[in-house]
Structure formats: structure tokens, C-alpha cells
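The values are calculated or read from the model by the stated rules, or taken from the named source; none is laboratory data. In this text the structure is predicted, and so the values were computed from the model without any measurement. Please note: Cβ atoms are built from the backbone with ideal geometry, for glycine as well, and neighbour counts cover all protein chains shown. Heads up: the accessible areas ignore ligands, DNA and RNA and are worked out on the full protein's heavy atoms, side chains in. Shrake-Rupley method; radii C 1.70, N 1.55, O 1.52, S 1.80 Å.
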2 protein chains.
Amino acid sequence: MLEIIKYPAKEAWGKLTKRPQMDTKALFASTQAVLDDIRSHGDAAVREYSERFDKVSLNAFEVTDEEWAEAGALVSDELKNALRVAKKNIETFHASQKTESKWAETMPGVRCMQKATPIEKVGLYVPGGSAPLFSTVLMLAVPAIIAGCEEIVLCTPPNREGKIHPAVIVAAKLAGVKRIFKIGGIQAIGAMAYGTGSIPKVYKIFGPGNQYVTAAKQLIALEGTAIDVPAGPSEAALLADGSANAEFIASDFLSQAEHGVDSQSILATNNEQLAEAVVKAIEQQISELPREEVTRKALQNSKIVLFQTLNEAVKFINFYAPEHLVIQCENEMQIAEAIKNSGSIFIGRYTPVSMGDYASGTNHTLPTAGMATAYSGVNLDSFVKKITFQEVTAEGIQNLGPTVAVMAENEGLDAHKRSVTLRLDELREK
Amino acid sequence: MLEIIKYPAKEAWGKLTKRPQMDTKALFASTQAVLDDIRSHGDAAVREYSERFDKVSLNAFEVTDEEWAEAGALVSDELKNALRVAKKNIETFHASQKTESKWAETMPGVRCMQKATPIEKVGLYVPGGSAPLFSTVLMLAVPAIIAGCEEIVLCTPPNREGKIHPAVIVAAKLAGVKRIFKIGGIQAIGAMAYGTGSIPKVYKIFGPGNQYVTAAKQLIALEGTAIDVPAGPSEAALLADGSANAEFIASDFLSQAEHGVDSQSILATNNEQLAEAVVKAIEQQISELPREEVTRKALQNSKIVLFQTLNEAVKFINFYAPEHLVIQCENEMQIAEAIKNSGSIFIGRYTPVSMGDYASGTNHTLPTAGMATAYSGVNLDSFVKKITFQEVTAEGIQNLGPTVAVMAENEGLDAHKRSVTLRLDELREK
């Protein structure tokens, strides 16, 4: 049974919100060795590590025309329909994030603009494992297509027969991805970062993964390839008052916990009766779950915390900065507005985290480990960079040039000053 | 004299665009040791390293009320006026980058929103050195204030008398910064990342610096503190045709080169006469510069490259992905639209890079070393994170719940499915 932690002092919050750690730094030396090998030896090294780590030997990595063609028939109509609905919602929401670029005149004759420009080449990583993560395919590929990325490469590990799950191919096709490579782990990240004979080099790599994938992403980021955000173990906070439904809260608590043994759920509430009812509901529901063992382990990282007031619970949530936040309270919309740190917020009794994990339209690639204090989840902007433009006319440099000349001189940059005064002189002579 | 490189084959582009490297990885071990010490020993360690690296012994790090008060009188009115003009333009342009948040209904009963939320605590680093970098103060602090960051901390190294330049204080005051600490280098980055007795911990650290500062930023980023972008040596590309003024191009070429011995300028043109005229103008102008020695060294990294067509030169520029790009061509606006990779673009004969370095309104903290392929320069969004929200009604979960249940089941996440079906069951019973 989960213990209810009652009225913790502020000093105890740090310990209460401690995450199961993923120590990727310890993996850096061995991961870097694999990356270096891939940079030097390309496809041959990718092949060797696929044999060693994934126990699969492939002559060619790319999903073939035949595999693309046969995937549709191998996926149920029910799932195909669900993928279509999810894709449409993800598309609608991410398309709504488009920004317009317009010139701003900062002073007469001086105008500036910021333009969202697609990242030309992006790599999407979709982990393998026990189940096909077609949802991650949609979450990464749909915004990449909307952003206008020209070259989109998807890597995902094959099974020992050298196959990837047809649902991953169907989701990729639906989203508009044209090239999938059957490569996993460090070798996939290295192949996309450096390029090989068969895998194109990309400028930014997206997607979750285990600690080796995360370590590889961190290392190639140090070398200049951009990454989305290092993914740590998944987590959810739930904020509830006496108006919440304990069964619903328990189901959200458990759906977070089933992700993995290092997942974390934290319920913050101001209502002791609710806390007790949730503890009971968790015990009832957990025994019915096929992933009971994993889920029970994750509960060891999880907490139910009681506060004197809802306001204090909100402060605790902002301190925790959760990846996911469920709010089931009377004034839930007002509370949602007061949240300063969270990846994604789920408002109200009919908005379990699962809705956003799959199909509400928001992205499920979100900052973990407290990084929601400063990082956004993946969104349309993750697939573009903003280029700034400026155009100064003859009038503009006459207005602003003297300012720039004074500043350059005071910073000791004489050539900067002269690039302005040369032009001012020319205009004076005209 | 600079040599004109004529009609290079595509295969040679990689070598032509090679940057002077900054190998921060080699500094990781020694930098990490300093960081660890600061994490463990706080202010005492900061004090010790300030003595060792900056040859200055301070009892208190924070700029005092007296220093704030006296700074104004120590700065010329001319410079104060220039700072005011620059600040206003930077403010106008960065304020124009604000985005509205609005709910998008992705399907009946399902609505989603993305809201820009200020990063509560940010740290700004302003390097010391031979000249006071008040321009960097404005470039970092003005957007932080517009974004609504609650706690803004600025660190900059003092001189051996324990003082910082009054123009830095004046710029900070003008921008709205309330706390300045006289700390430089690795110890500044560590103090802001971990917090000490006197320096607050922040969530994101901004600003340029030498290779030690950059290494420290990369290391604290691995531990979860966000950073703007690792700064490498500065660089500019110039794209010009026969319509360009060779004197102006030469002045821009040199103003980039004077930044430091590792700076780089590259002119790409389709006009041999222009290239020759620029080479001559550079020779004439350089001998008049006080920073001639530094500038001449930087010219060794710099290139003048001739192409058969302007179109090929544009391709070369996109391949280079320059931090700054000057375009002085007949169809300059059309060409600017075709640029895929650059930090900031300067269009036309009266728009030298200096305008953006100081006062046009765009930010001068920009991606270097080819990172303009995937990174933006500092902009308003750098000081916020985007939180997503979703609200699903009873109607919404009845519409979308079955989709989510199918997807969760196929990904083997039963608790996810049940968090939905539990709610659908409740609605059915109503």
C-alpha cells in the first residue's frame, strides 16, 4: 500500500520530487567509442553493431518497396482508423502553431523580420522493444512534414528476423515519411549524425530511447548536431481536490507507472479522504493489470502527498516541474493558468494523460527530470529555426549609423565603426 | 594579399568552409573539477577560483547600491543616448515576436492550446576582456524582460580592482536587470547552475564566452540546466555580385575579422572584377585599423571565392550556414528569401553587420560553426518554454476515447487503455 505523506515542510520537497536517475555520463566513454567507429567506418560499423547489440545481420538497412507495400495488409482496419484520427488531430494542433513572419520597422529606414525556416534534414528515432511505438512515429513525423523539412529519415531497430512492425510502417506512410532504416540504438544516432554510405546525415535528431540512445544523442549534440531534448524516465503529477473522482485519479496514476520500472507518479492533494480513496483504488486496479510487476516497481518511486491548501499543492507542482500534469479540481482552468512549470497539462475529469499520449493533438515528446522549468516539449518550432533579416536604407543608416558608431567605438571595435562611417561618408558626398 | 579561389568543385566546399576549431572537449575534465568544487563549496569555491583565474579577491560578489548609483556619472552622455536608441530598437523587434495562445479544437469536445510561459529564473553571462560588452547586456536582458522572466541574474568578470565597467551597469539598468554579480568564467556558470549562498540558481544560462565558459555551459547542460547555444568563433559570409560596392564589402569583411584571431569572413561572388577590387580595398583599409594584427591573423582563416553563377554561390552559402550573411546583389530580396541556413541576414548596401551587432533590433547572439542549419539565434522564444494544455469533455472522450483505447492496446499499455474505458463506462452508466 502506498503511504500518504502528510504536510511535508518546504525543505522536504527536494527529496520528495527526486527522480529515479539515469546516469548517462557513465556510458559516455563506451558510447563515444561506438560513435567514433561509425564515423570512421560507416555502414560496415553500423552492420557490426547491429549484429552485436540487436542480434540481427542485415545486408541492406532500408525498408524495401515490398515491405512498404505489404505493411498495410498486416495491420487491422481498427488500428488503421485510429491512426488516421490521431494523425488528423496532431496535424490540426501542430498546424495551429504556425507563425507568420512580418517586417517590423524599428525606426524609420530600419526594418527587421524573423522567419521560421524548416530544418532541411531531420532524423527521427523510434525505439523498439516489446511493443511497436507507432504513436511516436506520428508525434515526430507529422510536425516535421508540416514544418516543411525536406529530408526526413526514420530509424528504428528491427527484430531478430530483420523486420520492423508493420504498424510503424503504416504510421510512417500516413504521416508522409519516405525513408525508414532498420537500425537501432547508438548506431542509429551515429549513422544519422555523421551519415554513412546508405544513411543520410541530418542536422537534428529527435526521439526517445534507452540510456544508450540518450547518451549518444548527448554526445553528438556536443559535436554540433542538434537534438530535441534528452529523454529521462517518464513522470506525471496529479493535482486533485475533493471534487475529483478517486477511480479516475488512480487509473491515471497507474497508467503513468506502467511505462517502466523507473517511471514516477506523484499525487498532490489538499483532501485526505481523496488521498485514502485513491490508495485503495490503486490497490484494486493494479491487480488487474497485465504489466502489474513493472507497475508495482514504479510505485516505489511514486508518492501521494497531502497539503494544507490547494495553493501550497500548486507551489509544490511548480517546484516539481512535471512532464505531465493532470488537474482535477473545482477551479481547474484557473489553476492551469497558474502553472509555471510543466510539459503538458491535462484539464478535467475526462482528460486522462492517455488522450495526449495518443490523439488529442498535443505532442507526447516532453521534458522530464525537472527540465520543464526551461524546455518545451516537441512542437512545430522544434523542426524550424528562426532566421532574422534586416534591411537598412540610406535614410535608416543616417538615422541609426551614428548610434552604432558610438557603441562600436566604446567596445573598441574600430572596423565595425568604419563599416558604418564609410557608408555615411558616401551618402554625405552624394 | 588574399588569394581568390576560382570555381571550386563541390567536393572542395567542405574544406573551404572549415572553421577554426574550438576543442572544448579537451577542457571537460579540468572544467568539471571546478564545477564540482563550486557545487560542493559554493561561495568559498567561487572566491577561490576568482582569485586564481581573475586575480581578484572579493568579499562580496554583488554590485553594490553605491556602484549602481555612481555608474551613470561615469558614462558619457553620447554613449548613454546610443544605448537608449539601441535598447528601444531591440525592444521593438523582440516584442514583435510575441505569439498569442489560443485554443484549437482538434475534434468536437477536444481542445488544445500552447502557451508561451516565461522561464522563471535565467542567468546572463557577459564576458570581460579588453572592452566592456554592453551590447551583449542589451541583447540578453531586453528579451528576458519582455518574456517576463521573474529572476534575472547577470554575471560578468571584474577587473583586478574588483570593478566592472560602468557602461555594463548602465546598460543593465536601462534594460531592467536588478542583480549583477562580479564573477567570470567557469565559476560564474557553476554558480548560476547550482546556486550558492549569495548567487541564485537559475534554470537557463545565456551568453557568449571563451572556451572555458563554453565548456562549462556544455557540462551543466548535460546535468539539466538549459543553455542558449554553445558559442564558437564568430563568422560572416558575404554574397555579392557586380552591383556591390567593393569598399563596403571590404569593410564588412574586415569588421568580421577584427573580432578575434579565430574569426572567419568568406566572400562568395560571381564577379571576378568585384573580387579583385575587394582584395585591394581590404589591403588599403586594414593598415588603418588599430586591431590590424588580430585582423590579419583572422584573414588567414578567411576566403574569397569566385563562382560561375550567383545561383551556385547561394548553394555554397547554404552549405556554409553562416552566423551572419551580408547580401549585396541586384535581386537581394529574392536571394534572401532563398537562403535556407543562416543566423541573421543583412540585406543591401546600407546594412553592414554592425547594424545588427548593436542596434537594428535583431539579436547578435547567433549560431556559429554551421549550427545555423538547425539552431536559431537568441530570440524571445529563448526565454520562454511552450506548455501545452488539453481539455476533453464528456462528448470529447466519447468521440476520441475509442481511438485512444485501440492505440494503447496495440502498444501493450493496458493501464492507459483502462484510464479511458473507465471513464467511458461511467458515462455509459449515467
Test set (1) open to solvent by 20 Å² or more (accessible area, probe 1.4 Å); (2) not assigned by TED's automatic domain parsing to the domain that holds A:Cys155 - A:Leu239 fails condition number:
(1)
Restricting to segment B:387-400, name every residue that is more than 30 Å from A:Gly370 (Cβ to Cβ) and either in contact with a Lys or Arg (Cβ under 7 Å, 6 or more places away or on another chain) or of a type in the set (Val, Ile, Thr) (or both).
B:Thr393, B:Ile397
Got a sec? Which helices (runs of 4 or more DSSP H) wholly within segment B:1-116 have at least 1 residues that are free of Cβ contacts under 8 Å to residues at least 40 places away in the same chain, within 11 Å of chain A (Cβ to nearest Cβ) and on the phi < 0 side of the Ramachandran plot?
B:77-95
Condition check for B:Ala394: more than 22 Å from A:Ser287 (Cα to Cα), touching a Pro at 6+ places or on another chain (Cβ under 9 Å) and within 7 Å of another protein chain (Cβ to nearest Cβ)
no
B:Lys340 - would you say it is in contact with an Asp or Glu (Cβ under 9 Å, 6 or more places away or on another chain) and in the same structural domain as B:Ile266 (by TED's automatic domain parsing)?
yes
Among the residues of segment B:373-395, are any crowded, with 22+ Cβ neighbours inside 10 Å, out of contact with any helix residue (DSSP H, G or I) (no Cβ under 8 Å at 6 or more places or on another chain) and among the small types (Gly, Ala, Ser)?
yes
Residue hits (segment A:197-225; among the basic types (Lys, Arg) and closer than 20 Å to B:Gln218 by Cβ) are A:Lys204, A:Lys217
Limited to segment A:228-254, what total is found for residues that are closer than 28 Å to A:Asp23 by Cβ and either aliphatic (A, V, I, L, M) or modelled with pLDDT under 95 (or both)?
10
Those residues that are closer than 29 Å to A:Met113 by Cβ and free of Cβ contacts under 8 Å to residues at least 12 places away in the same chain, I need them from segment B:288-335; list them, please.
B:Asn311, B:Lys315, B:Asn331, B:Gln334
Unique residue being at pLDDT 95 or above, small (Gly, Ala, Ser), closer than 30 Å to A:Ser57 by Cβ and assigned by TED's automatic domain parsing to the domain that holds A:Gly176 when the list is A:Ser96, A:Ser135, A:Ser130:
A:Ser135
Considering each residue of segment B:414-430, count those that are more than 42 Å from the chain's Cα centre (by Cα) and facing chain A (nearest Cβ under 7 Å), and give that number.
7
State the number of residues belonging to segment B:126-168 that are open to solvent by less than 10 Å² (accessible area, probe 1.4 Å) and under 21 Å from B:Ala359 (Cα atoms).
15
Looking at (1) open to solvent by less than 10 Å² (accessible area, probe 1.4 Å); (2) within 11 Å of another protein chain (Cβ to nearest Cβ); (3) polar (S, T, N, Q), find the lone condition where A:Asn245 falls short.
(1)
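Yes/no matrix, rows are residues, columns are (1) in contact with a Phe, Trp or Tyr (Cβ under 8 Å, 6 or more places away or on another chain); (2) charged (D, E, K, R):
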position: B:Ile249; (1), (2): no, no
position: B:Leu254; (1), (2): no, no
position: B:Thr269; (1), (2): yes, no
position: B:Glu283; (1), (2): no, yes
position: B:Thr295; (1), (2): no, no
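Quick grid of which residues meet (1) at pLDDT 95 or above; (2) under 25 Å from B:Gly412 (Cβ atoms); (3) facing chain B (nearest Cβ under 10 Å):
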site: A:Ala167; (1), (2), (3): yes, yes, yes
site: A:Lys173; (1), (2), (3): yes, yes, no
site: A:Ile180; (1), (2), (3): yes, yes, no
site: A:Lys201; (1), (2), (3): yes, no, no
site: A:Leu222; (1), (2), (3): no, no, yes
site: A:Ala226; (1), (2), (3): yes, no, yes
site: A:His259; (1), (2), (3): no, yes, yes
site: A:Asn271; (1), (2), (3): yes, no, no
Being within 30 Å of B:Ala336 (Cα to Cα) and touching a Phe, Trp or Tyr at 6+ places or on another chain (Cβ under 9 Å) narrows A:Ala86, A:Ala82, A:Ala104, A:Ala95 down to just A:Ala104
So which of A:Phe61, A:Phe53 ends up being touching a strand residue (DSSP E or B) at 6+ places or on another chain (Cβ under 8 Å) and within 30 Å of A:Ile189 (Cα to Cα)?
A:Phe61
What number of residues in segment A:200-226 are open to solvent by 30 Å² or more (accessible area, probe 1.4 Å) and touching a strand residue (DSSP E or B) at 6+ places or on another chain (Cβ under 9 Å)?
3
When the residues of segment A:401-413 are filtered to those that are at the interface with another protein chain (Cβ under 7 Å from one of its Cβ atoms) and farther than 16 Å from A:Glu426 by Cβ, which remaining residue is surrounded by the fewest Cβ atoms within 10 Å (Cβ to Cβ)?
A:Gly412
Residue match in segment B:204-224 (condition: within 13 Å of B:Cys155 (Cα to Cα) and aliphatic (A, V, I, L, M))
yes
Quick check: anything in segment B:50-65 of a type in the set (A, V, I, L, M, F, W, C), under 30 Å from A:Thr106 (Cβ atoms) and either open to solvent by less than 60 Å² (accessible area, probe 1.4 Å) or in contact with a Gly (Cβ under 7 Å, 6 or more places away or on another chain) (or both)?
yes
Would you mind stating whether B:Lys115 is in contact with a Phe, Trp or Tyr (Cβ under 8 Å, 6 or more places away or on another chain), surrounded by fewer than 24 Cβ atoms within 10 Å (Cβ to Cβ) and among the basic types (Lys, Arg)?
yes
Among the candidates A:Ser287, A:Ser302, residue that is among the hydroxyl-bearing types (Ser, Thr, Tyr) and surrounded by 19 or more Cβ atoms within 10 Å (Cβ to Cβ)
A:Ser302
Among the numbered criteria (1) open to solvent by 20 Å² or more (accessible area, probe 1.4 Å); (2) under 20 Å from B:Leu2 (Cα atoms), which single criterion is violated by B:Phe316?
(1)
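Can you tell me which residue among A:Gly184, A:Gly197 is closer than 20 Å to A:Val56 by Cβ and crowded, with 19+ Cβ neighbours inside 10 Å?
Answer to the selection: A:Gly184.
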Taking segment B:320-359, which residues are of a type in the set (Phe, Trp, Tyr) and either open to solvent by less than 10 Å² (accessible area, probe 1.4 Å) or out of contact with any helix residue (DSSP H, G or I) (no Cβ under 7 Å at 6 or more places or on another chain) (or both)?
B:Tyr320, B:Phe346, B:Tyr358
Which of the residues belonging to segment B:414-423 are open to solvent by less than 20 Å² (accessible area, probe 1.4 Å) and hydrophobic (A, V, I, L, M, F, W, C)?
B:Ala415, B:Val420
